[in-house]
Amino acid sequence: MKIGIIGAGNIGGALTRRLTALGHDVSVANSRGPETLADLAAETGATPVLFTEAARGAEVVVVTIPQGKVASLPKGLLDDAAEGVAVIDTGNYYPRGRDGRIDEIENGVTESRWVSDQLGHPVVKVFNGIYSQHLQDKGVPKGTEGRIALPVAGDDEAAKAKVLRLVEELGFDAYDAGSIDESWRQQPATPSYGADASLETLPELLAKASPVRTPEFTA
């Protein structure tokens, strides 16, 4: 598939490496410009582009930038994406020391619902609760003992199905975790966050989550 990655930090870099290795056509952008991505491009074969070009023709677009920066992304960012594009949100809200206060999230809107509202497009939440090095190194064939399961939440069923398949291709068990408004179950400080849970244990961890934000993740 043609995949655009907006953000080349830890998760964006890991996905660029893994997706190019699987043969996907990856374009990657960061806030500092394509010339700063020369090393990543040389390593992976990905195409470094401007933010405004990352989604062009893409069947999947990954938004993997700090939550507080999402509202400043260029308008019409997805206008040139392929029809039926699946937009992945990997982000987490860290109000203390990074993102600052986002009133809607503080008032109960899920993190990815807020991202969807900023982009004007449905998103699928995944990859937000796994360490980047684990994302890069711990994908294994289906059926392998100890295979990590990842929750995938979204409202657009066609887009979610595409993302579920992509997660499996990356070497993880994909678990349908419901709608975007249920995605608080995989936000920071919930039991599944960073747990590297198996497909057998992940549903139980998601069920134990509380929608009440803990103090360290509250502005």
Expressed as a whole percentage, what fraction of the accessible surface of the chain belongs to carbon and sulfur atoms when a 1.4 Å probe is rolled over the protein heavy atoms? 49 percent
Residues meeting the amide H criterion for Ile88 (H placed from the backbone, H to H distance under 5 Å, 5 or more places apart or on another chain) are Val61, Val62, Val63, Val124
Need one number: nm distance between label points at Glu145 and Glu157, each 7 Å from Cα along Cα→Cβ, rounded to one decimal. 3.8 nm
Once each part is reduced to its C-alpha centroid, what is the distance from segment 99-157 to segment 22-79 in angstrom? 18 Å
Span-rule helices in the chain, defined as complete DSSP H runs reaching 15 Å or more along the axis (Cα) with Kyte mean at least -0.5: 10-21, 157-169
Enumerate the calculated ³J(HN,Hα) couplings along segment 93-103 in order (Karplus 6.51 cos²θ - 1.76 cosθ + 1.60, θ = phi - 60°), each rounded to whole Hz, writing x wherever the residue is Gly or Pro. 8, 10, x, 8, x, 9, 8, x, 7, 10, 4
Report the charge-dipole magnitude of the chain in Debye, nearest 20, computed about the Cα centre from +1 at each Lys and Arg Cβ and -1 at each Asp and Glu Cβ. 380 debye
Above 17 Å lies some portion of the pair distances; for segment 1-49, what is it as a whole percent of all C-alpha pairs? 16 percent
May I ask you to rank Lys162, Lys2 by accessible area, largest first, using a 1.4 Å probe over the protein chains only? Lys2, Lys162
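Quick one: Cα convex hull volume of segment 58-147, Å³ per residue? The partial results should precede the final answer.
Values: hull volume 11.9 nm³, N = 90.
Each residue corresponds to 132 Å³ of Cα convex hull volume.
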Counting lysine pairs in the chain that sit 8 or more positions apart or on different chains, with Cα atoms under 20 Å apart, gives 10
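Could you order Asp89, Asp79 by accessible surface area, starting with the largest, using a probe radius of 1.4 Å? Before the final figure, lay out each step's value.
Working: Asp89 5, Asp79 120 Å².
The ranking, largest first, comes out as Asp79, Asp89.
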Once the dipole of segment 1-73 is set up with Lys and Arg at +1 and Asp and Glu at -1 on Cβ about the Cα centre, which of Pro34, Gly12, Gly45 lies farthest towards its positive end? Gly12
Theoretical ellipticity at 222 nm over the chain - DSSP helices of four or more residues, -39500 (n - 2.57) apiece, nearest 500: -7000 deg cm²/dmol
What does the charge dipole of segment 24-130 about its Cα centre add up to, to the nearest 20 debye, if the Cβ of each Lys and Arg holds +1 and the Cβ of each Asp and Glu holds -1? 360 debye
Against the empirical 2.2 N^0.38 Å scaling, what ratio does the C-alpha Rg of the chain come to? 0.95
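Could you list the GluC sites (Glu not before Pro) in segment 81-153 that lie in coil according to DSSP, counting only those with at most 16 other Cβ atoms within 10 Å of their Cβ?
Numbers: sites: Glu83, Glu104, Glu106, Glu111, Glu145; in loops: Glu83, Glu145.
Of the GluC sites (Glu not before Pro), the ones in loops of segment 81-153 whose Cβ has at most 16 other Cβ atoms within 10 Å are Glu83, Glu145.
The values are calculated or read from the model by the stated rules, or taken from the named source; none is laboratory data. Because the structure is a prediction, the values reported are computed rather than measured. Counting neighbours? That spans all protein chains shown, and the Cβs are built from the backbone with ideal geometry, glycine included. The accessibility values were calculated without ligands, DNA or RNA, using every heavy atom of the protein model including side chains. Shrake-Rupley method; radii C 1.70, N 1.55, O 1.52, S 1.80 Å.
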